[in-house]
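The values are calculated or read from the model by the stated rules, or taken from the named source; none is laboratory data. Source: prediction; values computed, not measured. Here the Cβ positions follow ideal geometry from the backbone for every residue, glycine too, while neighbour counts run over all protein chains shown. Remember, those area values only see protein heavy atoms, side chains included, never the ligands or the DNA or RNA. Shrake-Rupley method; radii C 1.70, N 1.55, O 1.52, S 1.80 Å.
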Amino acid sequence: MKKSTIWIIAAVMGFSFLGLLYVQIGYIEEMAKMKQEQFDESVTRSLYQAAHNLEMNETLRYLEKDVSDVERRAYTQDSIIVDGINGSIQEQHEFAVSADDGTVYSAFELKTFATKPPTIPKAIIMKSDNSSMSEAAKSMQEIVRTRYVYQKALLDEVVYNILYTASDKPLKERVNFLLLDNDIKQELQNNGINLAYHFTVSTADGREVYRCPDYSEQGIEKTYSTKLFRNDPASKMGVVTIHFPDMDKYIYSSVRFMIPAIIFTLVLLVTFIFTIFVIFRQKRYTEIKNDFINNMTHELKTPISSISLAAQMLGDETVPKSPQMQKHLGGVINDESKRLRFLVEKVLQMSMFDRKTVSFKKKELDLNELLEQTASTFSLRVEHTGGHIYTEIEAVDSAIYVDEVHFTNAITNLMDNAVKYRKPDEPLDIHLRTWNEGDKLCFSIADTGQGIKRENVKKIFEKFYRVHTGNVHDVKGFGLGLAYVKKIINLHEGEIKCESELGKGTKFTISLPILKEE
């Protein structure tokens, strides 16, 4: 599949997931907004009803007080009437009330003054009469009418007291804060809100007169308020303010069921991104594999062709074969066979490392001596380019405990790369240096070759990776050399770093623990 096709599919799927996530988040916000509006309406309605109940309780309190005052002034008058003519005795009970001026009102007497409500006396007289049924009916009608007039006058006086007496009292004397708290809680529950709240009561000009005992500032950003005694003069009104510390939790609890959907969408999105990443990585590995196959074909072709040609010459009876010729052809076959075996072994070694079945035969070596021997081995190849190998032996403690074959191959690979990737038609210089750094033994191999681009430096230790040079195969290899080196250094508990600049050269720095034989 083409890379452009993968990108198109990834873009379409990515936008689809993001769109789905956007719709879900928008749905949650819309639901939270509706829940907030319902909550605001319920709280406002609850506060209004609680304030109304407060005014009703005040009215009832004044009414009960007025009735109690009347009942305290009431008394019963009993009398006995003796009829000497008929020889009968009649008992009579009267209910009487004395007014503030000492006047006693009895029977059905009632005195009312519409213009002066506070001076209206209050009395209700009930009379027992054993006369005829018609007179009793008239008496009952009179009682009802008289009671109505009395109750109306009583309420008028209560209203007068509320208008001219209650509003003059301080707000903290008019409001029963415990009763107000209970009313607010009850009204909130009636509207479906069972949530902790804090409230304050203040005057119209903002002076606070009460604060609930457990008051806190949490959640104070959103408050609700309503007026107390809203029909009183503006300066006599009160304000109750309420806020809910856990309001946000309450609002978003209604959309909690959407959280798993968002989580699953995010999981799918992450999985999709990871899948795309794996696809691109596998595509890159496929390209690397194809490069490896191409390189391997070119690498194996040469020794196979040489062996085949030498074998044909040995088998061709028409070609004269002197002892020198036979020795030469035998040497070619032997050398190319060794080369072919070396290439196959490099591939098998990397496969062996992947299976983690490698075993080392370690022994104590001197790193300074090992680098000097390697420099001596490569000196002819380097001098053939017109350059030199320079060594700086500065390490005092240079003993290491390593596998001689693998570790020597690692150093040889680094030196071989320096020679292979030199600048054409220019002398090559290689600098070898050893030194101690704490409990580490370090050495570096620096060259003045072609160098590597910065974006390719971090990839050079990957298996089968080779810096792209088009289809030119003037430098042989599978892209396994540096991967092999890194694996060997890591297995010896060391660390390798690469510093390179295109056109100036490359430097490899290796640090190893100073190993001791166990």
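What is the residue count in the stretch 239-261 for residues that are part of a helix (DSSP H, G or I) and either surrounded by 15 or more Cβ atoms within 10 Å (Cβ to Cβ) or of a type in the set (D, E, K, R) (or both)?
The qualifying residues number 8.
Before we move on, is THR318 within 20 Å of ASP447 (Cα to Cα), modelled with pLDDT under 85 and open to solvent by 80 Å² or more (accessible area, probe 1.4 Å)?
Answer is no for this residue.
Among the residues of the stretch 1-43, count how many are open to solvent by less than 80 Å² (accessible area, probe 1.4 Å) and among the charged types (D, E, K, R).
Within the stretch 1-43, residues that are open to solvent by less than 80 Å² (accessible area, probe 1.4 Å) and among the charged types (D, E, K, R) number 2.
I'd like the residue in the stretch 483-497 that is in contact with a Ser or Thr (Cβ under 8 Å, 6 or more places away or on another chain) and surrounded by 16 or more Cβ atoms within 10 Å (Cβ to Cβ) and, out of all such residues, is farthest from LEU432 (Cα to Cα).
Per the stated criteria, the residue is GLY494.
Any residue in the stretch 278-292 that is touching a residue at least 60 places away in the same chain (Cβ under 8 Å) and in a helix (DSSP H, G or I) sitting within a Cβ distance under 8 Å of a residue that is open to solvent by less than 70 Å² (accessible area, probe 1.4 Å) and aliphatic (A, V, I, L, M)? List the pairs, counting only those 6 or more apart or interchain.
ILE279/ILE6; PHE280/ILE6; LYS283/ILE6
Can you run down the residue pairs with Cβ atoms below 9 Å, 6 or more apart or on separate chains, where the first is in the stretch 353-369 and on the phi < 0 side of the Ramachandran plot and open to solvent by 80 Å² or more (accessible area, probe 1.4 Å) and the partner is of a type in the set (Gly, Ala, Ser) and at pLDDT 85 or above?
That search, which allows pairs on different chains as well, returns GLU364/ALA399; GLU369/SER398.
Do we find a residue being outside any strand (DSSP E or B), over 41 Å from the mean Cα position of the chain (by Cα), loosely packed, with under 12 Cβ neighbours inside 10 Å and basic (Lys, Arg) anywhere in the stretch 172-186?
no
Pick from the stretch 357-386 the residues that are of a type outside the set (S, T, N, Q) and part of a loop (DSSP other than H, G, I, E, B): which of them is nearest to GLY505 (Cα to Cα)?
If we take residues in the stretch 357-386 being of a type outside the set (S, T, N, Q) and part of a loop (DSSP other than H, G, I, E, B), then GLY386 is nearest to GLY505 (Cα to Cα).
Quick one: in the stretch 431-444, which of the residues that are open to solvent by less than 10 Å² (accessible area, probe 1.4 Å) and over 48 Å from the mean Cα position of the chain (by Cα) is nearest to TYR401 (Cα to Cα)?
Only one residue tops the list, namely THR434.
Can you say whether LEU428 is modelled with pLDDT of 90 or more, open to solvent by less than 30 Å² (accessible area, probe 1.4 Å), in a loop (DSSP other than H, G, I, E, B) and of a type outside the set (Gly, Ala, Ser), as far as the supplied structure shows?
yes
With respect to ASP403, is the statement that it is open to solvent by less than 80 Å² (accessible area, probe 1.4 Å), among the acidic types (Asp, Glu) and under 15 Å from TYR484 (Cα atoms) true?
So ASP403 fits the description; yes.
Hey, could you check the stretch 202-236 for residues that are open to solvent by 100 Å² or more (accessible area, probe 1.4 Å) and part of a strand (DSSP E or B) and say which is nearest to LYS169 (Cα to Cα)?
The residue in question is LYS227.
Going by the structure shown, is GLU518 at pLDDT 80 or above, open to solvent by 40 Å² or more (accessible area, probe 1.4 Å) and assigned to a loop (DSSP other than H, G, I, E, B)?
No: the conditions fail for GLU518.
Give the stretch 479-499 a look and list any residue that's in a helix (DSSP H, G or I) and touching a Phe, Trp or Tyr at 6+ places or on another chain (Cβ under 9 Å), or say none.
Within the stretch 479-499, LEU482, ALA483, TYR484, VAL485, LYS486, LYS487, ILE488, ILE489, LEU491 qualify.
Within the stretch 267-299, which residues are over 30 Å from LEU18 (Cα atoms) and either surrounded by 15 or more Cβ atoms within 10 Å (Cβ to Cβ) or in contact with a Cys (Cβ under 7 Å, 6 or more places away or on another chain) (or both)?
Selection gives ILE288, ASP291, PHE292, ASN295, MET296, GLU299.
In the stretch 387-412, how many residues are at pLDDT 85 or above, touching a Phe, Trp or Tyr at 6+ places or on another chain (Cβ under 8 Å) and assigned to a helix (DSSP H, G or I)?
Of the residues in that region, 1 qualify.
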